Structures are given as C-alpha cells and as structure tokens.
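J.: Pasting a structure here, questions to come.
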Amino acid sequence: MRDRLVIAIGNTLRGDDGIAARVVAAVGNEIAASDVIVVQQLTIELAPVVAEASHVLFLDASVLLPPGDSELNPLPFDVEADSPFGHHLEPAALLFLARELFNATTSAALLSIGAADFDTPDKLSPQLSAQLPRYAAEVLDWYRAAEYADFETHV
C-alpha cells in the first residue's frame, strides 16, 4: 500500500487540458515517480490503484474556474458513481468505486485549475504558463502534508 498518489488528468495535445501533466513534470524529483500517474481520462481500471493509496490528489483542468485560478477541495466520501462503466469517470466517482469494490479508506482531493485554451496543440495559455510554479507548489504542499497527518486537516 502506498501512502500518497498524485493523478494528473488531461490531454497535452489540447492546450490547457494538459496542465496537470505539466504540473507533475514541473515538480520533478520532489515526488517519487511511483507516486504519480498521468492519464488522459479516469477509467474504472484505476479503482484498485486508488484503493491502494492512503491519500490521493487528482489534478485536472476546469472550465468552471476563471483561467489561471486554482481550487483545492476534498472529495466527499458519499458520492455514488452515476455510470461507473463508461469511458470517463469523475474523481469522486472513481473514489466511490475504490471504496465500494475494494473497501478502500482512501482520502482524496481535487486540485482544479481554471483553463482558457483547449485548441492550441501542445502549448499552455499565457495565464496557465505564468502560474505553473504556483500549481507545482500547491501539489508539493499537499504531498508533504499528506505524509505527516490526516489529509482533511490540510484542506
């Protein structure tokens, strides 16, 4: 069982949608490579991996936040998966499946990053490029806090 896991979600070929992969790349050697997974989307196959971790941080681009803003929120324990067998899951639904299928006690949070441009291949918008060090610092803060105490006390 691993203590911490960071899951970066998004497609680097769709501009700002790839912000999560760029954040974990910016963190470099500060986080063990075995504690990082980069995916284009969440699928049910990740449920056992999530179940093996004590604490999980999901990173994803968001159209709901202003471009460049970020928001870290704990994921609830009681959200059910609407369609667990589709091609795409939300982080809360994947966490639910890990708990239901594998009796996981994983705590989790979602770092959402407001995105602006999904049309420029393989390039971040200026708003996100400028804030990349701040997002990396947020991930490192979460990672270090999860190592020493219950996650909920650090959100």
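J.: Which of the residues that make up the stretch 119-139 are crowded, with 17+ Cβ neighbours inside 10 Å and either of a type in the set (Phe, Trp, Tyr) or closer than 15 Å to residue 15 by Cβ (or both)?
T.: Those that are crowded, with 17+ Cβ neighbours inside 10 Å and either of a type in the set (Phe, Trp, Tyr) or closer than 15 Å to residue 15 by Cβ (or both): 124, 125, 127, 128, 131, 135.
J.: Yes or no: residue 94 crowded, with 21+ Cβ neighbours inside 10 Å, touching a strand residue (DSSP E or B) at 6+ places or on another chain (Cβ under 6 Å), modelled with pLDDT of 95 or more and under 17 Å from residue 73 (Cβ atoms)?
T.: Values: crowded, with 21+ Cβ neighbours inside 10 Å: yes; touching a strand residue (DSSP E or B) at 6+ places or on another chain (Cβ under 6 Å): yes; modelled with pLDDT of 95 or more: no; under 17 Å from residue 73 (Cβ atoms): yes.
No.
Here is a yes/no grid of residues against (1) closer than 24 Å to residue 118 by Cα; (2) out of contact with any Ser or Thr (no Cβ under 6 Å at 6 or more places or on another chain):
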position	(1), (2)
16	yes, no
19	yes, yes
62	yes, no
103	no, yes
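J.: From the residues in the stretch 1-38 that are on the phi < 0 side of the Ramachandran plot and touching a Pro at 6+ places or on another chain (Cβ under 9 Å), which one is surrounded by the most Cβ atoms within 10 Å (Cβ to Cβ)?
T.: Per the stated criteria, the residue is 16.
J.: Is there a residue being modelled with pLDDT under 90, of a type outside the set (Gly, Ala, Ser) and under 25 Å from residue 16 (Cα atoms) anywhere in the stretch 97-113? Before the answer, list the steps.
T.: Just the residues of the stretch 97-113 that are modelled with pLDDT under 90, to begin with: none.
Taking every residue of the stretch 97-113 in turn, none turns out to be modelled with pLDDT under 90, of a type outside the set (Gly, Ala, Ser) and under 25 Å from residue 16 (Cα atoms).
J.: Checking residue 84 against (1) modelled with pLDDT of 95 or more; (2) touching a Leu at 6+ places or on another chain (Cβ under 6 Å), only one condition comes out false. Which one?
T.: So residue 84 meets the others, but not (1).
J.: I would also like to ask the following. Could you check how many residues of the stretch 99-146 are of a type in the set (Gly, Ala, Ser), under 14 Å from residue 7 (Cβ atoms) and in a helix (DSSP H, G or I)?
T.: Total satisfying the criteria: 1.
J.: Return yes when residue 70 is closer than 23 Å to residue 147 by Cβ and over 13 Å from the mean Cα position of the chain (by Cα) and no when it is not. I'd like the intermediate steps shown before the answer.
T.: Numbers: closer than 23 Å to residue 147 by Cβ: yes; over 13 Å from the mean Cα position of the chain (by Cα): no.
No.
The values are calculated or read from the model by the stated rules, or taken from the named source; none is laboratory data. Small disclaimer: the values here were computed from a predicted structure and weren't measured. As a convention, Cβ positions derive from the backbone with ideal geometry for all residues, glycine included, and neighbour counts pool all protein chains shown.
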